[in-house]
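Asker: Structure incoming, see below.
The values are calculated or read from the model by the stated rules, or taken from the named source; none is laboratory data. Computed from a predicted model, the values in this text were never measured in an experiment. Glycine also receives a Cβ, built like all others from the backbone with ideal geometry; neighbour counts cover every protein chain displayed. Areas reflect the complete protein model, heavy atoms only, side chains present, ligands, DNA and RNA absent. Shrake-Rupley method; radii C 1.70, N 1.55, O 1.52, S 1.80 Å.
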Amino acid sequence: MTAPNIETIVSLSKRRGFVYPASDIYGGLGSSWDYGPLGVELANNIKQSWWRWAVYERDDIEGVDSSIIQNRLVWKYSGHEDTFSDPLVDCRDCKTRLREDKLERDAAAKFVCSNCGSTNLTESRAFNLMFRTTVGAASADDDPSALAYLRPETAQGIFVNFKNVLDTSRRKLPFGIAQIGKAFRNEVTPGNFIFRTREFEQMEIEYFCRPEDAPRIHQEWIDAYDAWLGSLGISSDNIVHYEQTPAELAHYSDRTVDFLYRFFPEREDEDKQFDELLGIANRTDYDLRVHSKKPENADGKRINPDTTEDLSFFDPQTNERFYPYCIEPSIGVNRTLLAVMMDAYTEKANDKGEVRVILKLKPEMAPIKVAVLPLAKNNDEIVTLAKRLKHDLQPSMRAVYDDTGGIGKLYARQDEIGTPFCVTVDHESLADNAVTVRDRDTWEQERVGLDALKEHLLERLKQ
Ligand code: ATP
């Protein structure tokens, strides 16, 4: 089972502390969201899983963490200043601001307002999505020499460091550079909870290779991402691959395959249930060339007279110098978190026929791995033992102690936030040095001796 719609996850998130509307006490800020105590843990688990998989478990990828604010020239030469825009239209009837490329057409092929159905729309104009700011204490707001942008993708921070990483890590092709970080886009139509926001987080790899190897490596990354998403607990039934058409390709891309997730299962038309979770692009040698000092245009002029570096690669084996091709898998932390939560969402009836929510997260994703619960919170000995167990388990796994309700309520709360195991300390525990371990998914209970508890849980958390 998966969540019936995003709204279900919005209310679970707010109720239990995964995600809250940002600046809520001042009326919110459009599409900004804050991650609460459980959301920050889940997001960290996703990022750690990705970093371990992308950087540690391979032998060909290095990590970096580049600045959000770079020299404006980075965005001039990357093409973002000129082309990183969406086609903006206004509905003259209901005044809604819309993205033309997301609108449906009527029988006469005219665009239709998605809010009121009118075709009375303005001509589209390009709206640049980069957030502008000024750098330096003395600069006036409109001083062009102080203009800077918040990065709209983490990728450019990797390209401009290509030579630094190459030289310091003494890499040969193929190799990649990975980065996790915030990106900012002044989206025309943010919405659908954390699916589309103006501030979000990306996990990007730029994987550099010889041009002739790029198509094969592109396919290898597609397969690798299918496997990684599966390891997060996302069902392949809820993923489709989409090959971008030539008209849809970004200015730098030769081929892009998007992975679409079933974010909108409530929509009747199955095609419309899916939207982008990640994209894997063949960026060719576009970025390394445009940031390099040697390439020239047809008139023999340098295409980049501002850079001081040449980002070509010299292959000592073949004595060739060339600009490597780059395969870029790019995925958002926030959309991944939403997909993981939607896929894990399950409802189950208890003995009394009451419907309970269980978030069947993979143990690796669960914000809390074990909750230690005292059966009687007024019994000092039980409470002391439960608190001690929490502290003993903590170095090995994220553990919490909770005595804020009756045992039924406490179990229900842990099920809803995806905690794989509850450990209950009862009167008998004081005599037999054993506790009850309850399984989130089956609700089965098992008696486990205190000596064996940590190993028992660690073993079962490996599932
Ligand atoms: P879309 O077509 O949905 O606007 P995009 O194709 O512009 O997305 P990319 O530039 O390929 O997105 O960005 C890579 C990834 O970053 C996306 O697959 C998505 O997971 C994430 N992402 C992009 N824009 C946003 C956003 N506004 N909010 C949340 N995540 C985003």
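Asker: For every other residue with a beta carbon closer than 14 angstrom to the beta carbon of Lys293, add +1 if it is Lys or Arg and -1 if Asp or Glu, then tell me the sum.
Answerer: Within the 14 Å Cβ shell, the charges total +2.
Asker: Still on this structure: Note down the magnitude of the dipole of segment 50-206 about its Cα centre, charges +1 on Lys and Arg C-beta and -1 on Asp and Glu C-beta and zero elsewhere, to the nearest 20 debye. If you can, show how the numbers build up before the last one.
Answerer: Working: 22 positive and 25 negative charges, 13 e Å.
Dipole size: approximately 60 debye.
Asker: Distance between the C-alpha centers of segment 56-91 and segment 142-207? Whole Å please.
Answerer: 4 Å
Asker: Could you tally the net charge around Leu98, taking each other residue with its Cβ under 14 Å from the Cβ of Leu98, Lys/Arg +1 and Asp/Glu -1?
Answerer: Around Leu98, the surrounding residues sum to +1.
Asker: Given the whole protein assembly as supplied and a 1.4 Å probe, what does the accessible area of Leu338 come to in Å², nearest 10?
Answerer: Number for this one is 0 Å².
Asker: In whole Hz, with x marking every Gly and Pro, tabulate ³J(HN,Hα) for segment 153-166 from phi via Karplus 6.51 cos²θ - 1.76 cosθ + 1.60, θ = phi - 60°.
Answerer: Result, ordered by residue: 7, 7, 3, 4, x, 7, 4, 6, 9, 3, 5, 4, 5, 4 Hz.
Asker: Quote the FRET efficiency, to the nearest 0.05, computed for Val135 versus Glu428 with a Förster distance R0 of 56 Å and r equal to the Cβ-Cβ distance. Intermediate values should be presented prior to the final figure.
Answerer: Working: r = 66 Å, r/R0 = 1.17.
Once the sixth-power term is evaluated, E becomes 0.30.
Asker: Something else: Rounded to the nearest 500, what is the chain's calculated 222 nm mean residue ellipticity when only DSSP H runs of at least 4 contribute -39500 (n - 2.57) each, over all residues? Walk me through the numbers before you get to the answer.
Answerer: Values: 13 runs with 125 residues, N = 463.
That calculation yields -8000 deg cm²/dmol at 222 nm.
Asker: What does a probe at Asp306 reach in segment 53-89, counting residues whose amide N is under 20 Å from the point 7 Å along Cα→Cβ?
Answerer: Under cut-off, by backbone N: 66-85.
Asker: Could you compute the net charge surrounding Ile358? Neighbours are other residues with a C-beta less than 9 Å from the C-beta of Ile358; K and R count +1, D and E count -1.
Answerer: Counting the neighbours of Ile358, the net charge comes to 0.
Asker: Suppose R0 equals 60 Å. What FRET efficiency, 1/(1 + (r/R0)^6) with r the Cβ-Cβ distance, do Asn378 and Gln219 give to the nearest 0.05?
Answerer: 0.45
Asker: Something else now. Please turn the phi angles of segment 6-13 into ³J(HN,Hα) values with the Karplus equation 6.51 cos²θ - 1.76 cosθ + 1.60 (θ = phi - 60°), one per residue in order, whole Hz, x for glycine and proline.
Answerer: Once rounded to whole Hz, the list reads 5, 3, 4, 6, 4, 6, 4, 4.
Asker: Which whole-number value in Å³ per residue fits the convex hull of the alpha carbons of the chain?
Answerer: 208 Å³
Asker: Next question, about the same structure. Working from the alpha-carbon coordinates of segment 394-463, get Rg over Rh, Rh being the Kirkwood radius.
Answerer: Reported Rg/Rh, Kirkwood definition of Rh: 0.93.
Asker: I need the peptides 74-83, 421-430 ranked by packing, meaning the mean over residues of other C-beta atoms within 10 angstrom, with the highest value on top.
Answerer: The most tightly packed comes first, giving 421-430, 74-83.
Asker: Any idea how far apart Thr83 and Asp226 come out in nm if each label point goes 7 Å out from Cα toward Cβ?
Answerer: Each label point lies 7 Å from its Cα, and together they span 3.0 nm.
Asker: Of the DSSP beta bridges with both residues in the chain, give the percent that are antiparallel, rounding to the nearest 5.
Answerer: 85 percent
Asker: Under a plain spin-label model, where a point goes 7 Å from the Cα along Cα-to-Cβ, how far apart in nm are Arg97 and Asn115?
Answerer: A separation of 1.1 nm, rounded to one decimal place.
Asker: Let me ask something additional. Enter the accessible area of Arg335 (Å², nearest 10), with the probe set to 1.4 Å and all protein chains included.
Answerer: Its heavy atoms expose roughly 40 Å² to the probe.
Asker: Looking only at Cβ-Cβ distances, which cysteines of the chain have no other cysteine closer than 4.7 Å?
Answerer: Here Cys209, Cys326, Cys422 come out as lacking a disulfide-compatible partner, given the Cβ-Cβ threshold of under 4.7 Å.
Asker: Going by amide H atoms built from the backbone, whose H comes under 5 Å of the H on Arg171, apart from near neighbours?
Answerer: Placed amide hydrogens put nothing under 5 Å from Arg171.
Asker: Can you run phi through the Karplus equation (6.51, -1.76, 1.60; θ = phi - 60°) for segment 229-240 and list ³J(HN,Hα) in whole Hz, with x for Gly and Pro?
Answerer: Result, rounded to whole Hz: 4, x, 5, 7, x, 7, 6, 5, 5, 9, 10, 10.
Asker: For a protection proxy built on the mean count of beta-carbon atoms within 10 angstrom, sort 201-212, 255-266, 295-306, 387-398 highest first, please.
Answerer: The packing order, highest mean first, is 201-212, 255-266, 387-398, 295-306.
Asker: Collect residues whose amide H, placed 1.01 Å from N in the peptide plane, falls under 5 Å from the amide H of Val372; neighbours closer than 5 in sequence don't count.
Answerer: Hits under the 5 Å cutoff: Val400, Tyr401, Asp402, Val423.
Asker: Can you find, among Pro190, Ile177, Ile158, the residue farthest towards the positive end of the dipole of segment 138-206? Put +1 on the C-beta of Lys and Arg, -1 on that of Asp and Glu.
Answerer: After comparing all options, I get Ile177.
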